[in-house]
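Report on the following structure.
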């Protein structure tokens with residue numbers, strides 16, 4: 001999956017999870033955080049991301065990191081309340097883990113070692129129109145632009161639906177803020 005699908009999915013999840021009564025600046029900040037979380041397994045850090053794809057895209061490794069950086073520090077109620085409560089935490093976890101699911105859709109037919117180190121089985125759930133191999137192509141190449149547009153058309157409806165749900169108040173979820 002390219003950054004387009006991850007950004008749009010992170011935006012959709014963030015739209016659902018952020019507190020309803022946030023200021024415009026806070027809403028922007030929430031969306032930036034959710035987009036960051038949705039892109040986290042691909043961050044270009046040493047020994048992470050595409051350098052060690054099986055490691056950074058392992059469900060087990062990501063669940064450990066979620067436990068360390070999300071769940072454990074948020075046991076304190078004052079911190080939870082400041083960020084928007086458990087709905088925001090759950091949304092952040094969903095955005096983070098959405099990366100793994102999306103990569104199974106678009107993994108060039110190789111599949112994702114999602115269950116490493118317990119299994120070397122690969123999970124592939126390819127979406128036919130998102131299977132082109134764009135690695136090592138310039139970002140401005142027609143093939144990359146075509147894939148960006150296809151991902152945009154595929155995942156933008158998620159954002160539209162979540163914005164609609166927020167605007168019409170059909171969510172009806174607990175809102176701490």
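Results, tabulated for the structure shown:
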item: Unmet requirement for residue 99, which otherwise passes all of (1) in contact with a helix residue (DSSP H, G or I) (Cβ under 7 Å, 6 or more places away or on another chain); (2) modelled with pLDDT under 90; result: (2)
item: Test: residue in the range 105-118 that is part of a helix (DSSP H, G or I), within 20 Å of residue 39 (Cα to Cα) and touching a residue at least 24 places away in the same chain (Cβ under 8 Å); result: yes
item: Residues of the range 16-50 that turn out to be under 23 Å from residue 151 (Cβ atoms) and either at pLDDT 95 or above or surrounded by fewer than 16 Cβ atoms within 10 Å (Cβ to Cβ) (or both), as a count; result: 16
item: Residue that is farthest from residue 65 (Cα to Cα), among those in the range 18-46 that are in contact (Cβ under 8 Å) with a residue 60 or more places away in the chain and more than 13 Å from the chain's Cα centre (by Cα); result: 21
item: For residue 104: the one exception among (1) surrounded by fewer than 16 Cβ atoms within 10 Å (Cβ to Cβ); (2) over 30 Å from residue 168 (Cα atoms); (3) under 19 Å from the mean Cα position of the chain (by Cα); result: (1)
item: Test: residue in the range 140-153 that is part of a loop (DSSP other than H, G, I, E, B), touching a strand residue (DSSP E or B) at 6+ places or on another chain (Cβ under 7 Å), surrounded by fewer than 17 Cβ atoms within 10 Å (Cβ to Cβ) and modelled with pLDDT of 90 or more; result: no
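The values are calculated or read from the model by the stated rules, or taken from the named source; none is laboratory data. No experiment lies behind these values; they were computed from the predicted model shown. Glycine also receives a Cβ, built like all others from the backbone with ideal geometry; neighbour counts cover every protein chain displayed.
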